Amino acid sequence: MKYNSCFFFINTTFILFLISCGPNTDQGKYKIKYKQYVNEGYRLYIQHCSNCHQKDGTGLARLYPPLKDSNYLMNDPDSIICIIKNGQKGEIFVNNISFNQPMPENLVLTNLEIAEITTFLYSEWGETKHFLSPQEIEEILSLCP
Amino acid sequence: MKQLLNYTFIAGLLALIFFTGCAPKDNLEKLPVLGRKNVISNMDSGVLTYDTTYHQIADFLFVNQDSMIITNDSFKDKIYVADFFFTTCPTICPIMKAQMLRVYEEFKNNDHVLILSHTIDPNYDTVALLHDFADRLGVASDKWHFVTGLQEEIYDIGQNSYMVSALEDQNVPGGYIHSGAFILVDKERHIRGMYDGTKEDQVNRLIKDIPRLIKEYEIQ
């Protein structure tokens, strides 16, 4: 078989493609990890959060605030991390509507689990598509009010 | 020719019997009466008769979110759906409220139907708090009563009349272990259905059963 320049060109392009977009690249690994966080976050959300905030994130009347289309998630994404861990007491305003039902704390959740839930919430109803690491969660939690 | 006519006639008769016999009856069938029943036999002038008394909801007196006294009389000539909850319950109550809201929305313009939610944490769930809760849920108090009262009375009626359990338990989130049942009660204080208020398909069944129960009174 005669190897011509065309053959080499196609092969090289193919190999370069594999290197840049395959699962073993940094970008590939990032994408997989992101998906894992979102999937696990979804499962944790259903288990721990959906009974009040509902499966579709719309909340319940003026009892439980929505997560979907909520100004909390859009404008101040980090604030929800403290709320997930420590709960919420007292009146808050979400989308200019008053809510005053105490939310229980979730001390059993690990930093990894909070990272996963937060990543899911951002990906589903927020604006940032990146994922937070457990270390970042730990830093944010240390500054909770 | 005459034989063919005969066969056609017989076939037609069989078809008529078949189709009327197999028509869906669930709209005409009455809902069962749940709970223990007592059958007492009477001998009266040599004639033996039987009297059946069914399980009934006991007398109650509670206070609702508008500070109104609520008794069995508040439900005179009405059918109602009852449940037991508490406002700070983190697990099943939010689902129950969301499901009961569906029942409320479905029958809010139906004068035959009322809803009665009892708090099993009367120490925390004051009248004012229940008022705020009901208000935030967005429901009218003359349609959906949120009642509080003496804890022993609420537990007693829950256990013995509505046949659902409620107990204080330090080991569960919220501090109370209780049933998520919705109980359908008719105008004679009989229980006609019990449904798991955390399961959408069972609440769907409740929403279908309520018109059936109303119809029983119309047919009489």
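The values are calculated or read from the model by the stated rules, or taken from the named source; none is laboratory data. Everything numeric in this text was worked out from a predicted model, so none of it was measured. Here the Cβ positions follow ideal geometry from the backbone for every residue, glycine too, while neighbour counts run over all protein chains shown.
The sole residue among A:Asp69, A:Asp56 that is over 20 Å from A:Leu109 (Cβ atoms), surrounded by fewer than 18 Cβ atoms within 10 Å (Cβ to Cβ) and within 14 Å of another protein chain (Cβ to nearest Cβ) is A:Asp56. The set of residues from the stretch B:78-96 being in a helix (DSSP H, G or I) and either of a type in the set (Asp, Glu) or within 7 Å of chain A (Cβ to nearest Cβ) (or both) comprises B:Pro94, B:Ile95. Taken together, A:Glu136, A:Glu127, A:Glu113 contain a single residue that is under 14 Å from the mean Cα position of the chain (by Cα) and modelled with pLDDT of 95 or more, which is A:Glu113. Pairing each residue of the stretch B:88-116 that is touching a residue at least 40 places away in the same chain (Cβ under 8 Å) and within 29 Å of A:Lys89 (Cα to Cα) with any residue that is among the charged types (D, E, K, R) and in a helix (DSSP H, G or I), provided the two are 6+ apart or on different chains, yields C-beta distances under 8 Å for B:Gln99/B:Glu200. Only one of the numbered conditions (1) within 14 Å of chain B (Cβ to nearest Cβ); (2) surrounded by fewer than 12 Cβ atoms within 10 Å (Cβ to Cβ) is not met by A:Asp26, and that is (1). Among the residues making up the stretch A:60-70, a single one is in contact (Cβ under 8 Å) with a residue 12 or more places away in the chain and either of a type in the set (Gly, Ala, Ser) or over 24 Å from B:Leu101 (Cβ atoms) (or both): A:Ser70. Pairs are defined by a Cβ separation below 8 Å, a sequence spacing of at least 6 or placement on different chains, a first member in the stretch B:123-140 that is closer than 12 Å to B:Asp66 by Cα and within 12 Å of chain A (Cβ to nearest Cβ), and a second member that is of a type outside the set (S, T, N, Q) and loosely packed, with under 15 Cβ neighbours inside 10 Å; no pair meets this definition. Could you list, in sequence order, the residues of the stretch B:165-197 that are in contact with a strand residue (DSSP E or B) (Cβ under 9 Å, 6 or more places away or on another chain), more than 16 Å from B:Phe62 (Cβ to Cβ) and assigned to a loop (DSSP other than H, G, I, E, B)? Passing the criteria: B:Ser165, B:Asp169, B:Asn171, B:Gly175, B:Ser179, B:Gly180, B:Asp186, B:Lys187, B:Glu188, B:Gly197.
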